[in-house]
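Enquirer: Structure provided below as structure tokens; questions to follow.
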Amino acid sequence: MSELVQDKESSVAASISFNEATGESSNTTSPSELNHSRTFLDARTEEDLLSGIKKEAEAGRLPANVASGMEELYWNYKNAVLSSGASRADETVISNMSVAFDRMLLGVEDPYTFNPYHKAVREPFDYYMFVHTYIRPLIDFKNSYVGNASIFSELEDKIRQGHNIVLISNHQSEADPAVISLLLESQPFIGLNIKCVAGDRVITDPLCKPFSMGRNLICVYSKKHMNDDPELVDMKRKANTRSLKEMATMQRSGGQLIWIAPSGGRDRPNPSTGEWFPAPFDSSSVDNMRRLVEHSGTPGHIYPMSLLCYDIMPPPPQVEKEIGEKRLVGFHGTGLSIAPEINFSDVTADCNNPNEAKEAYSQALYNSVNEQYTILNSAIKHRKGIESSTSSVSLSQPWN
């Protein structure tokens, strides 16, 4: 896959295509768009971008911490894209970062509020394609792999038949949803229809919000941050209850594809070895999803899925309370794998009580995710490629 250098004017035009399947589009532009500063869209050089950050900060349109975060992100993104060795990489950096900065500035000028269920914003600006254009240059497709790609085709068939699908997965970076879509670009149905259960941090951080706006999200408060502010605990719990009800309503309608990381946050490396591994699952979160599937009134299936992409946008070494984490960016290989569905009854037949069954089912899903992750790690980090395939995980590169 070659890098995608997108014309800035066309990427923000009100007539961007909204739905590839139907050809629908819109020429509607909001008042905030019409009055929005063109500082970054008019940028043609690195100097234009960096001076633009300073200009907007001095004018009071960018808070100092956001401005410094944008500048830091620029240098990290530039270093990552240039390290890819792709032709015209410098143009890609200017083009992609000017649009990203423009969206971040607009988000500060006119803050976007996410509903419990957020549908990807495709018009008048296509945030879905914006995210793809931005993340694509960070993926080393030559050293990226998909495990059991044929199962994703099976998922599409089931969803079109009205079945519900839940993907129980680990979570590595803010780029996870885009990585899933890009590695399955030959099967666009998955990327367009997946609904990601997302923590509040990706919908509140000004540097992250434009990327979140391009995804279908079910917004929740992570357990890891539930008690950060004791005064907000009750509000967060009520918000999570609303989101849970939203998921239940969606599943009753059938044909839903939901991705959730029941660890409650991103994976972190082992502090002593530095090795990354999938964070343990919270069995209560797994059980909540299982019961939603079983009580939806429509056929449902739960599949274990594994992701390896932390090098694209690694999280801070430790869980941080404050919004505004330092964003590192890298050019690296990525991996995605899925295993056959795991039925609750198949792994809990010998359990003596509901709690034991709940733990056993969660552990079975985690074990599968961990097994797939080990194979992806061998293929990508240890550069063994397709040879890392096993009888249970067949690696391929669907884009070739």
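Nothing in this text is a laboratory measurement; each read-out follows from the coordinates by a stated rule. Just so we're clear, the structure is a prediction, and the values are computed from it rather than from any experiment. Note that we place each Cβ from the backbone using ideal geometry, even for glycine, and neighbour counts take in every protein chain shown.
Enquirer: Compute the distance in nm between two label points, each set 7 Å from the Cα along the Cα-to-Cβ direction, one at Asn65 and one at Arg38.
Expert: 3.3 nm
Enquirer: Additional query: Taking the Cα centre of the chain as origin and charging only Cβ (+1 Lys, Arg; -1 Asp, Glu), how large is the dipole, in debye to the nearest 20?
Expert: Value, rounded to 20: 460 debye.
Enquirer: Give the peptides 122-132, 300-310 in descending order of average Cβ contacts within 10 Å, highest first.
Expert: 300-310, 122-132
Enquirer: Within 10 Å, count the other beta carbons around each residue, average over each peptide in 350-358, 173-181, and list them highest first.
Expert: 173-181, 350-358
Enquirer: Further, regarding this structure: Using the basic label-point model (7 angstrom from Cα toward the beta carbon), what is the Ala349 to Arg237 distance in nanometres?
Expert: Here the modelled spin labels are 3.9 nm apart.
Enquirer: Once every DSSP H run of n ≥ 4 in the chain is given -39500 (n - 2.57) and the sum is divided by its residues, what mean residue ellipticity at 222 nm do you get, rounded to the nearest 500 deg cm²/dmol?
Expert: Mean residue ellipticity at 222 nm (helix-derived): -13000 deg cm²/dmol.
Enquirer: Over the chain, what relative contact order in percent results from Cα pairs under 8 Å that are six or more residues apart?
Expert: Taking the mean separation of contacting Cα pairs over the length of the chain, I get 22 percent.
Enquirer: Going by alpha carbons, how many degrees (0 to 90, nearest 10) lie between the helix axis of 46-58 and the longest principal axis of the chain?
Expert: Tilt of helix 46-58: around 90 degrees.
Enquirer: Please work out how much length the chain gains when fully extended from Arg160 to Phe277, using 0.36 nm per residue of separation minus the C-alpha to C-alpha distance, in nm with one decimal.
Expert: 38.8 nm
Enquirer: Calculate the translational D of the chain in whole µm² s⁻¹ from Stokes-Einstein, where the hydrodynamic radius comes from the Kirkwood formula applied to all Cα pairs, the temperature is 20 °C and the viscosity 1.002 mPa s.
Expert: 98 µm²/s
Enquirer: Exposure proxy check: Glu359, Glu47 ranked by fewest other beta carbons within 10 Å?
Expert: Glu47, Glu359
Enquirer: Report, in degrees rounded to the nearest 10, the 0 to 90 angle that the Cα long axis of helix 149-160 makes with the longest principal axis of the chain.
Expert: Approximately 90 degrees, to the nearest ten.
Enquirer: Among Pro271, Pro111, Pro210, determine the one that fluctuates most according to a GNM of the chain built with springs between C-alpha atoms less than 10 Å apart.
Expert: Pro271
Enquirer: Of all DSSP beta bridges in the chain, what percent run antiparallel (nearest 5)?
Expert: 30 percent
Enquirer: In whole Hz, what ³J(HN,Hα) sequence does segment 372-380 give by Karplus (6.51, -1.76, 1.60; θ = phi - 60°), x for Gly and Pro?
Expert: 5, 4, 4, 5, 4, 4, 5, 5, 9
Enquirer: What's the angle, to the nearest 10 degrees (0 to 90), between helix 283-294's Cα axis and the longest principal axis of the chain?
Expert: With rounding to tens, the tilt is 80 degrees.
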